[in-house]
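The values are calculated or read from the model by the stated rules, or taken from the named source; none is laboratory data. Remember, it's a predicted structure, so these values are computed and weren't measured experimentally. Every residue, glycine as well, gets a Cβ built from its backbone with ideal geometry; the counts of neighbours run over all protein chains shown.
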Amino acid sequence: MIYSIFNIPIPKYPSTALLCKKPDTLTSNQFQLFLLIMTAAKQTIAKAWKTKHISIEVTKGKIDWIMVQEKMSSIILDTHQKYLLVWTPWIEYRFGTNYPITFLII
């Protein structure tokens, strides 16, 4: 999923997965989104620790929820342009490139 979002191969190191060490291939905005995606993934794994099935859809739902919270924070803090820089790769991955990005600028 990470490769599909960023279109950049991310090396699979334990320090990246467990400690969220910044991969050299990501920019700071991409890394911010990467951290939020990893947070959602860790929450999904922790919640489903007794089950045999971990749902990627649950993770995507958590990421969407985080995105909404970040959007509200960006509106309150007047940092909506930064929000768009960080979240555009996820929006394009989740909703496609035809999703009206201009709608998000409002």
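Do you know which residues across region 6-28 are among the polar types (S, T, N, Q) and over 17 Å from the mean Cα position of the chain (by Cα)?
SER15
Scan region 10-34 for residues that are modelled with pLDDT of 90 or more and loosely packed, with under 11 Cβ neighbours inside 10 Å and report the count.
Total meeting the criteria: 1.
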